[in-house]
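What follows is a short report on a single structure.
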Amino acid sequence: DDESDEEALKETILKIAAMGPKVVVATRGGKGSLAYTEGKFYPHGIVKCDVVDTMGAGDSFIAGFLMAWLKGEDISACMNAGAENSAVTLGYNGAW
């Protein structure tokens, strides 16, 4: 069920965070994304779009997230940038 899946994801994120990264982010397709930093979880929804192909959506999320991160945006803005960037990629066949 969705609740147990979310709890399992949070446990995995916490295990990864314990290894040392400052921020851990998991993308969840149509369920959006979930980030963890500074002891707190940050859920983020999707940007609605017409999905043609999912290839490259995760890479596009990472690129959008990191560009916002490098500009000094807060975690919520970074997640939104990732979602917006991946929504563009989802509109193309084969991510080209």
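The values are calculated or read from the model by the stated rules, or taken from the named source; none is laboratory data. None of these values were measured; they are calculated from a predicted model. For neighbour counting, all protein chains shown are included, and Cβ atoms are generated from backbone atoms with ideal geometry for every residue, glycine included. Ligands, DNA and RNA are stripped out before the accessible areas are found, and what is left, the full protein with its side chains, is counted by its heavy atoms. Shrake-Rupley method; radii C 1.70, N 1.55, O 1.52, S 1.80 Å.
For the pair segment 48-70 and segment 8-34, the centres of their Cα atoms are 16 angstrom apart.
Ranked by the mean number of other Cβ atoms within 10 Å per residue, highest first, peptides 48-56, 65-73, 14-22 order as 65-73, 48-56, 14-22. For semi-axes √(5λ) of the Cα gyration tensor in Å, the value computed from the atomic coordinates appears in the list (i) 23, 17, 11; (ii) 20, 17, 11; (iii) 26, 14, 10 under label (i).
3J(HN,Hα) along segment 44-54, derived from phi through the Karplus expression 6.51 cos²θ - 1.76 cosθ + 1.60 where θ = phi - 60°, amounts to 9, x, 9, 9, 4, 7, 7, 8, 9, 7, 8 Hz, with x in place of Gly and Pro. Estimated from helices alone, the mean residue ellipticity of the chain at 222 nm is -16000 deg cm²/dmol (sum of -39500 (n - 2.57) over DSSP H runs with n ≥ 4, per residue). The string of couplings for segment 8-23 from the Karplus curve (6.51, -1.76, 1.60, θ = phi - 60°) is 5, 5, 4, 4, 5, 4, 5, 5, 5, 4, 5, 7, x, x, 6, 9 Hz, one whole number per residue in order, with x for Gly and Pro. Applying 1/(1 + (r/R0)^6) with R0 = 30 Å to the Cβ-Cβ distance of MET19 and THR54 gives a FRET efficiency near 0.60. Seen against the Cα atoms of the chain and their longest principal axis, helix 57-70 is set at about 60 degrees. Take the chain with all the other protein chains still there, run a 1.4 Å probe, and you get 64 Å² of accessible area per residue.
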